[in-house]
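What follows is calculated from the coordinates using simple rules that are stated; it is not laboratory data. Just so it is clear, the structure is predicted and the values come from calculations on it, not from any experiment. Reconstructed Cβ throughout: ideal geometry from the backbone, glycine too, with neighbour counts over all protein chains shown.
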Protein chains: 2
Amino acid sequence: MNYTPPVKEMMFVMEELADIASVSQLPGLADSNADTAQAILDEGAKLAAEVIAPLNARGDQQPSAWRDGEVTATPGFADAFRQYTEGGWQGISHPAEFGGQGLAKLIAAPCIEMLNASNLSFALCPLLTDGAIEALLLAGSDDLKARFLPKLIEGAWTGTMNLTEPQAGSDLALVRSRAERQGDGTYKIFGTKIFITWGEHDMAENIVHLVLARTPDAPEGVKGISLFVVPKFLLNDDGSLGARNDVQCVSIEHKLGIKASPTAVLQYGDKGGAIGYLVGEENRGLEYMFIMMNAARFGVGVQGIALSDAAYQKAAAYAKERVQSRPVDGSSAASVAIIRHPDVRRMLGTMRALTEGARALAYVAAAHADFAHHHDDAGTRARHLAINEFLVPIVKGWSTEMSIDVTSLGVQVHGGMGFIEETGAAQFYRDARILSIYEGTTAIQANDLVGRKTLRDGGAAARALLGEIDATLDALKSADAGDAARVFEAMHRRLSDGRAALANVVTYVLDTGKRDPNAVFAGSVFYVKLAGIVLSGWQMARALLVAQRKRADDPAFYGAKIATAHCFSEYVLTQARALETAIVSAHGDDPLFALSEAQF
Amino acid sequence: MNYTPPVKEMMFVMEELADIASVSQLPGLADSNADTAQAILDEGAKLAAEVIAPLNARGDQQPSAWRDGEVTATPGFADAFRQYTEGGWQGISHPAEFGGQGLAKLIAAPCIEMLNASNLSFALCPLLTDGAIEALLLAGSDDLKARFLPKLIEGAWTGTMNLTEPQAGSDLALVRSRAERQGDGTYKIFGTKIFITWGEHDMAENIVHLVLARTPDAPEGVKGISLFVVPKFLLNDDGSLGARNDVQCVSIEHKLGIKASPTAVLQYGDKGGAIGYLVGEENRGLEYMFIMMNAARFGVGVQGIALSDAAYQKAAAYAKERVQSRPVDGSSAASVAIIRHPDVRRMLGTMRALTEGARALAYVAAAHADFAHHHDDAGTRARHLAINEFLVPIVKGWSTEMSIDVTSLGVQVHGGMGFIEETGAAQFYRDARILSIYEGTTAIQANDLVGRKTLRDGGAAARALLGEIDATLDALKSADAGDAARVFEAMHRRLSDGRAALANVVTYVLDTGKRDPNAVFAGSVFYVKLAGIVLSGWQMARALLVAQRKRADDPAFYGAKIATAHCFSEYVLTQARALETAIVSAHGDDPLFALSEAQF
């Protein structure tokens, strides 16, 4: 079966949890209301399900191919990309001033999700273009914006992010690519960049590379990195495409997954230097990169949700069809569809709960971004920005880590067929494995959560969220739970536990972070997971409150939401205390540093 | 880097935890002593590391190939297999009467481990042959034994297990293959079998298929299944190879992993019927299969440990080489090897702890098998058999599930390089994914643990093991912990917690299993994991006691064991309570069955 975008569920999250009504009240976002969202999602769902999803398996079987420096995308991709850009999807949340639709990030989020669920390899191309657009919007000169943004936002040109070099992965201080100032204000760029997603391809007229490099007199380390625009084809004065720039794709990688998406090695300057244009000021490249990466990391988090949903849909469909064994409760003397077996239900219920919880958290984070960018009060903007920035490493880290588990469960539900490539479950499993690595590994997200997002503000953002959880806990207590009383009790018990665990860990991080950084950072990935579990669980609790209140309006949909919230409380929130213990109890006992390097 | 069999660690487990000294006192096992084991492991390690491991990547890149019914193994495999059989490895634990070496299962276990760690695809061929040998030893007539066992034990012929059919995976009641009695006492076999590992290949002169099929008048369901030997080539009266039998390999599968191991679709009887020989009695096939599967399931559990160790070794080597970022504790102003970063250590420490704990549990289970088969007292044999049979679904279920996590961590340690196929970390991740599926999925192991291994004996085996854990807890309290006092305290605290969690779950399963099977079976996979964690943790506690006592003899080795035990207590045993909660709290609340099938 093919993927079907869950538009109803997406609308539920946008309306009931991420409060699209309030977002549409923000200056400049009047069009970002529920009616528009419904229309856009319906239209996007058609494109995703009918045009893009059918190419997903083909992209895995016939990956992008490199020959003599040129990369040919999987057959059908270029045409689908044309349909994508003609529909205006690349510009959905970018400014109208440059040809975009200027809609809220909250509306962009489900669009990104359905595109990625349909075909992750395909979706990476627009996602990287979004990153290039964000960088130029943030720090590009008026001239750079005028020359590059309209074509990028239209989708006629695509963008890339060039950070990594063979010796510089997570550690950008080690970047060696050089940028030499020319008399005309341009730079000549030299160096090798690796792992460049869609770094070369035949789906667009031009490719706009955003490249980190050092000027000759730059300080060492991360404070000496500048950001440059290096187009594949230089532009003539009238904006038309001119000469080929000195950047060559020397190879593409042979990867575990996302095979249709070419991962390029790019060589700059072998023929005298690639011409580059400085973005913003010299030596501030990393700063721009970080702001841009906040958006990209959010997008990768949504990719985790997308693959999880696609894997869930496939597994649920298989479990309804596949007949195998009698039920353990004796309710049938004949073999039944495996969805009637408790462990298959446990797997499907867990997949579903994890996916819905992570989706709700991501969309709520997107709404905070909209408030952070559009509210007319600076203090309100700052408050929402702090929450959004606290949530981004959690959305990225948690949604991608959980997608590895969810896609693995998807394989398991299929039994032996899950291991056969033609089934398609294995592709989700392989594709998902990159998500916790690129745009910053989970450990990098965890460093960010501990350092920039918890220690730096003294836990303020974390505590603001804990306060909101308390309000939800109160609401669970005082609500009319009706016949869902047991679910409400279970959720209250588990969320209270999770909230306490998270609060203890925040306190621990604040108390210990500076004194014993090894202990705190040894537990930092667990902190990301704990925060992901508790904050997603909080969203599921909020969803439970709404679903019970509205249950009579749509018993099937809201009843499923109540049961899914219950799965979340019993199968996911129950892990919170274990994470707290593992984080806090490592402290002082030093089990990891007792081993010398030679002993490993 | 290539895999190096951890012979010292293996000997430690065999001598200190699985008590090889006592095993070698058993009737018929005098040769199975520590000196012999050391010599065999040293020899096996050479073959594994020098001959078989170097073919692992090649097998992934140049899988077995099918053409016109014939399968050609990866280049080099046939020669390596010849060296394997010439060394007598196929017969290591099989009876001397038929040409084997008659050594203990305890000695076979590390041999299986190093073979699988070197090359899982390759190792599957001998593993399946072991299954065929066990079946014939158990239930074959003297004539069948005489004709087939010597060649199988020599390795000149290989064996397969033919259970699965398109409609009959976990549910063998649905087997449809037919066996028609002939006048001469043979049968004609008709039907299609799928997922037959090494079902066709060119590495041996003959292939001995063990096939489940129904006779025309057999009862329905699993009570009407018989087991047959169906050789690829029939035997002449003098034992030499005769005519080709009517079994054809019509295709092999395109799989996520274990690509060098051909997974065959076998068609029986298209040319009038394949000649088969009944094993044992009609309609008792499933019973024989189960006993044989106990051995095969143990072997698959060891495969999980093997891949975990191989993945760990590769990740640790990479982490020592790869330089990236300054340490968080400020101990260096320059970038350092990533093994100095706390999260990388957390990953490596967890991988290592999980692997060592699972290995120790598996080898202890193997020693119980030796006691169960060789002790001269029937009551003692029965007691050990009960423990062994309780442990097998745990060794299979837990070691394979944890291998998915460990190989995933192995990818993560490599960062972006982990996603590139040439690195090799991804192959472990792909190969591992079959382990929790074949020879019975984890849910099937969990059904076995709940039904046959806990409910049937009223929890006797489980409680015997809980009693042994209590003895270890007492020993932790009374031991002279010296400068490892904090480790002893931590282990005592976590193992006590885990022991209590496991005891509560056993009680819950016994109390609830019949009354509310859906609730118990919904938590049954968690029960497997909980038991795996607690029983492995118990072995790590036993290892800790030995290591502290002997620490001065070999500070590096025993110091590492102590630190690894500490990692196990803090990063693994801490999960026990969460599993207990998820198992027990689901009861009565029915979060999974609140959803109708349509709501999924």
Report the charge-dipole magnitude of the protein assembly as shown in Debye, nearest 20, computed about the Cα centre from +1 at each Lys and Arg Cβ and -1 at each Asp and Glu Cβ. 1080
Per the charge dipole of the protein assembly as shown (beta-carbon charges, Lys/Arg positive, Asp/Glu negative, Cα centre), the residue among B:317, A:578, A:269 reaching farthest to the positive end is A:578
Give or take rounding to whole Å, what are the principal axis extents of the alpha carbon atoms in segment B:44-90, in descending order? 36, 21, 12
Once you place label points 7 Å from the Cα toward the Cβ at residue B:329 and residue B:238, how far apart are they in nm? 7.4
Taking the alpha-carbon centre of each part, the distance from segment B:244-283 to segment B:520-575 in Å is 42
Given H placed 1.01 Å from N in the peptide plane, which residues other than close sequence neighbours of residue A:241 have an amide H under 5 Å from its amide H? A:236
Kirkwood hydrodynamic radius (C-alpha pairs) into Stokes-Einstein, segment A:500-600, 37 °C and 0.692 mPa s, D in µm²/s: 211
Just how far, in whole angstrom, is segment B:447-477 from segment B:72-99 if you go by their alpha carbon centroids? 38
Peptide ranges B:363-372, B:508-517, A:112-121, A:4-13 listed from the most packed, as the mean C-beta count within 10 angstrom indicates: A:112-121, B:363-372, A:4-13, B:508-517
Ranking request for peptides A:438-447, A:391-400: highest mean number of other beta-carbon atoms within 10 Å first, then the rest in descending order. A:391-400, A:438-447
Would you work out the charge dipole size for segment A:1-63 about its Cα centre, treating the Cβ of every Lys and Arg as +1 and the Cβ of every Asp and Glu as -1, and quote it to the nearest 20 debye? 280
Between copies, how close do the residue B:323 label points come, placed 7 Å along Cα→Cβ, listed in nm from shortest? 6.5
Average Cα contact separation per residue, chain B, under 8 Å, 6 or more apart, as relative contact order %: 13
Compute the Cα gyration tensor for segment A:381-528, then decide on rounded, prolate or oblate, letting a ≥ b ≥ c be the square roots of its eigenvalues: rounded whenever a/c is under 1.5, prolate when a/b is larger than b/c in the other cases, and oblate in all that remain. oblate
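Kirkwood Rh over alpha-carbon pairs of segment B:227-311, then Stokes-Einstein at 37 °C and 0.692 mPa s: what D in µm² s⁻¹, rounded to an integer?
After rounding, the answer is 205 µm²/s.
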Order by neighbour count: B:170, A:93, fewest other Cβ atoms within 10 Å first, most last. B:170, A:93
Run through the other copies and list how far each one's label point is from that of residue A:254, in nm with one decimal, shortest first; the point sits 7 Å from Cα along Cα-Cβ. 1.7
Is there a quick way to get the dipole size of segment B:385-542? I mean about its Cα centre, with the Cβ of Lys and Arg at +1 and of Asp and Glu at -1; what is the value in debye to the nearest 20? 400
Proximal lysines to residue A:550, defined as alpha-carbon separation beneath 22 angstrom and excluding residues fewer than eight positions away on the same chain: A:8, A:477, A:561
Sequence-distant or interchain residues sharing an amide H contact under 5 Å with residue A:233, placed H: which? A:207, A:245
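Looking only at Cα atoms, what is the convex hull volume of segment B:270-425 per residue, in Å³? Kindly include the intermediate steps, with their values, before the conclusion.
On the way: hull volume 26.2 nm³, N = 156.
Residue-normalised Cα hull volume stands at 168 Å³.
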Give the chain B residue with the shortest beta-carbon distance to the rotation axis relating chain B to chain A, plus that distance as a whole number of Å. B:578, 2
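Taking the protein assembly as shown on its own, what percent of its Cα-Cα pair distances exceed 50 Å?
Details: 189571 of 719400 pairs.
Counting pairs separated by more than 50 Å, the tail of P(r) holds 26 percent.
What does the structure give for A:417-428 when I average, per residue, the other chain Cβ atoms found within 10 Å of the residue Cβ?
Across the residues of A:417-428, the mean count of other-chain Cβ atoms within 10 Å is 4.
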Sorted by Cβ density within 10 Å, fewest first, the residues A:143, A:270, A:497: A:143, A:270, A:497
Furthest towards positive pole of dipole, B:513, B:172, B:488, structure part chain B, Cβ charges: B:488
Just to check I understand the Karplus step: with θ = phi - 60° and J = 6.51 cos²θ - 1.76 cosθ + 1.60, what whole-Hz values come out for segment A:429-440, glycine and proline as x? 5, 5, 4, 4, 5, 7, 5, 7, 10, 7, 6, x
Could you work out [θ]222 nm for the protein assembly as shown from helices alone, using -39500 (n - 2.57) per DSSP H run of at least four and dividing by all its residues? Round to the nearest 500 deg cm²/dmol. -17500 deg cm²/dmol
From the phi of every residue in segment A:456-463, what ³J(HN,Hα) in whole Hz does the Karplus formula 6.51 cos²θ - 1.76 cosθ + 1.60 yield, where θ is phi - 60° and glycine or proline is x? 4, 9, x, x, 4, 5, 4, 6
Which distances, in nm and shortest first, link the residue B:496 label point to the same label point in every other copy, taking 7 Å along Cα→Cβ? 2.6
Whole-Å distance, taken between Cα centres, linking segment A:328-379 and segment A:196-242: 39
Phi to ³J(HN,Hα) by Karplus 6.51 cos²θ - 1.76 cosθ + 1.60 over segment A:330-340, Hz, x for Gly, Pro: x, 7, 8, 7, 9, 5, 10, 4, 5, 5, 7
How big, in percent, is the set of alpha carbon pairs in chain A lying more than 30 Å apart? 53
Sequence of B:331, A:403 once ranked by neighbouring C-beta atoms within 10 Å, starting from the fewest: B:331, A:403
